[in-house]
């Protein structure tokens, strides 16, 4: 007897689980990159920026992993805060204490400047915005749409922060640290 083909909704769910697992790996790479940069940058304000980004990447790691596990178990979507609460701590999340190098850290090691670190960050955040934006376009479930919208907005916030720091480093040679204006009101026309 021939095996029955998977239902369209089952195929879609397997696809989103696969995408979430990819997002999990990408968030891990981002976390380790930002921690690496925070250790490399001498400026205290620059360290704070990258440590903040690393903390948010850790949140994303927990959330994305929790959602993928929930979907795999057939329990459906959770909201961001539920997923964060259920997220495993770093020691249990399968993260290595001494991770292998990733493409971003390798690129930075070839040119260890603050501006190069920020430029690599901009590229990574642009990819994350595109990734979550594409997933959101395909989303069907209300819970899926809400979660992906939150992740997308957070990644857009990261992108604005690193773009703003890039402009500060290019224009003044210094990390801006404390924002003198709201990045939400920043004009996207300049980018």
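What follows draws every value from the coordinates through simple rules; no lab data is involved. Model, not experiment: these values are computed from the prediction. Neighbour counts are summed over all protein chains in view; Cβ atoms, including those assigned to glycine, are modelled from backbone coordinates with ideal geometry.
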Revision key, fill the gap. Computed over the stretch 115-164, the relative contact order (Cα-Cα under 8 Å, seq sep at least six) in percent reads 52
Revision key, fill the gap. Dividing the mean separation of Cα pairs under 8 Å (6+ apart) by the residue count of the stretch 10-60 yields a relative contact order in percent of 38
Point to revise | Calculated FRET efficiency for the pair residue 174/residue 81, C-beta based, R₀ 45 Å, to 0.05 | key: 0.80
Exercise for review: State, to one decimal in nm, how far the label point of residue 112 lies from the label point of residue 22, with both points 7 Å from Cα in the Cβ direction.
Suggested key: 3.3
Point to revise | Mean separation of Cα contacts under 8 Å, 6 or more apart, over the residue count of the stretch 19-169: relative contact order % | key: 22
